[in-house]
Amino acid sequence: MEKFNLKNKILIGITLFSMFFGAGNLIFPPYLGAQAGTSTLPAFVGFAISAVGLPVLGVVAVTLAGGLDQLASRVHPGFAFVYILILYLAIGPCLAIPRTASTSFSMAVIPFLPADIPAGPIQFLYSVIFFAAASAVAMHPERLTEYLGKKLTPVLLILIVVLFAASVLDPAGDPARPGQLYRAGASVQGFLDGYQTMDTLAALNFGMIVALNIQERGIRQKKAVMRETISAGWIAGILLLAVYSMLTFVGMLSGQVFAGSSNGTEVLVSMADFLFGKTGTVILAAIFVIACFNTCVGLFSCCGKYFADVFPKISYRNWVLIFAFVSMVIANVGLDMILKFSVPVLNAIYPMAILLIFLSCTHRWLGRFPGVYLWSAVFCGVSSVMMVLDQNGVSIPGISFLLQKIPGYGAGFGWLLPTAAGILAGIVLGYGKKKLKNN
């Protein structure tokens, strides 16, 4: 059986980590630490489950199922097409990719921009250069290990460790009291914060790019590629957990001193300036540019490959260029607007991703009941979308009242009970039918 040595295993794992670790991964952990304060530990546990555990399981689930399309098609081929399309648009040109440019701009350019120079034209120029460079690297998705794993990510990790070590040696202050969202259920809020990294959604798609890089390094047997992909998922998860811990700790120690920070970027800017002065701003700028660039390249690669496979009349190269242009336009609306729009979208599509991961990991037992996939997907999808509409002021007569009575609704988990009911319905209605193939 073909297999990598330890060095190559770690290298592929670092490559996957670099694809995961982008804008959201940098800004949300320190903000969580600053806002949770003395409740940081339970909040971080919830965050780690959704921002580390679920992405790792996502890589495993999709690999075992033979790909996201194979997994989603267990529900229905039509569902697979629509949901995967929405997924790629969310983690691609509509939300995640534009966020990489807007976040890195706010960290790497704004702090150095004279007050009398308007930011708008500079941001436009920055986004053009940023996406042009990222799309150029993404033209060779099978070589990401060389670009990201060997060169950029080690520099990124060193810079983050430097920031963390400085926070330990020279803490800004003690943890603050928990903010309002973290007082009653810190772990629940931490779990919901993990949605914002988008890594669970990305995990459902990054597997195929990792597989390409594994094959490029000499592994050809299908089972060997699957095994090395899963191994890369676990290594990436360990790195994510370590880096999140450091960034959350940095944010926690900033709580009392920099209580006015409105997002994770402000927390990190304040801490870097406190620890290193102007040098800290330069260090932080390098961290953000590298991390956001890595993720942008990974997202260009997986989105371009998917759309080129589904719509082959347009080449992979042209799809990447299209996504670069669309992302450049959206990036210039600003980070705050992108984050505001992303919350309801992620709350609507994340539950389905979690369900698919769960069903894949339990396929050995639930796969004998074909109805489980269809019924649970219907119940999960309808309940999560309706709850998002209700929570954003779109009242549905007669239904909104019932939704608010579902256990877990207030905490953002109102979709769990309907989904469990769908699984039960699938077992009852699908009992005795032919077992799904383990494709």
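The values are calculated or read from the model by the stated rules, or taken from the named source; none is laboratory data. Because the structure is a prediction, the values reported are computed rather than measured. Cβ placement follows ideal geometry from the backbone for every residue including glycine, while neighbour counts extend to all protein chains displayed. Heads up: the accessible areas ignore ligands, DNA and RNA and are worked out on the full protein's heavy atoms, side chains in. Shrake-Rupley method; radii C 1.70, N 1.55, O 1.52, S 1.80 Å.
Which of 286, 272, 184 ends up with the largest GNM mean-square fluctuation for the chain, with Cα atoms connected below 10 Å?
Among 286, 272, 184, the largest GNM mean-square fluctuation belongs to 184.
Please report the Cα spread of the stretch 8-154 along all three principal axes, rounded to whole Å, starting with the longest.
The principal-axis extents, from largest down, are 57, 45, 36 Å.
Which of the aspartates and glutamates could a cross-linker bridge to residue 7, judged by Cα under 15 Å and excluding same-chain residues fewer than eight apart?
Of all the aspartates and glutamates, those that pass the test against residue 7 - Cα under 15 Å, at least 8 places apart if same chain - are 146, 228.
So what is the accessible area of the chain per residue, in Å², with the probe set to 1.4 Å?
Accessible area per residue, the chain: 42 Å².
How high is the FRET efficiency between residue 82 and residue 278 when r is their beta carbon distance and R₀ equals 51 Å, given to the nearest 0.05? Show your work: numbers first, answer last.
Working: r = 50 Å, r/R0 = 0.97.
The formula returns an efficiency of 0.55 here.
How large is the dipole of the stretch 288-408 about the Cα centre if only Lys and Arg carry +1 and Asp and Glu carry -1, each at its Cβ, rounded to the nearest 20 debye?
Dipole about the Cα centre, nearest 20: 320 debye.
With θ taken as phi - 60° and the coefficients 6.51, -1.76 and 1.60, list the Karplus ³J(HN,Hα) couplings across the stretch 196-207 in order, rounded to whole Hz; mark glycine and proline as x.
With the stated coefficients, the stretch 196-207 comes to 5, 5, 6, 5, 5, 5, 5, 4, 5, 10, 6, x Hz.
For Rg and Dmax of the Cα atoms in Å, pick the label among (i) 21.5, 72; (ii) 47.2, 129; (iii) 21.3, 69 that corresponds to the value derived from the coordinates.
The value computed from this structure is option (i).
At a 1.4 Å probe radius, carbon and sulfur cover how many percent of the accessible area of the chain?
Carbon with sulfur: 69 percent of the solvent-accessible area.
Please give the length that would be gained between residue 129 and residue 424 if that part of the chain were fully extended, namely 0.36 nm times their separation in residues minus their C-alpha to C-alpha distance (nm, one decimal).
101.0 nm
Which semi-axes, in whole Å and largest first, does the equivalent ellipsoid of the stretch 306-430 have when worked out from the alpha carbon gyration tensor as the square roots of 5 times its eigenvalues?
32, 24, 11
Report, in deg cm²/dmol and to the nearest 500, the calculated mean residue ellipticity at 222 nm for the chain, where each DSSP H run with n ≥ 4 adds -39500 (n - 2.57) and the sum is divided by the residue count.
Taken over the chain, the calculation gives -23500 deg cm²/dmol.
Between residue 364 and residue 221, what length in nm is gained on full extension when 0.36 nm per residue of separation is reduced by their alpha carbon distance?
49.2 nm
Could you run the Karplus curve 6.51 cos²θ - 1.76 cosθ + 1.60 with θ = phi - 60° over the stretch 31-36 and give me ³J(HN,Hα) per residue in whole Hz, x for Gly and Pro?
Listing the rounded values in order: 5, 4, x, 5, 7, 6 Hz.
Can you give the percent of C-alpha pairs in the stretch 173-282 whose distance is more than 25 Å?
44 percent
Using only Cα atoms, figure out Rg for the stretch 1-67 and give it as a multiple of 2.2 N^0.38 Å.
1.43
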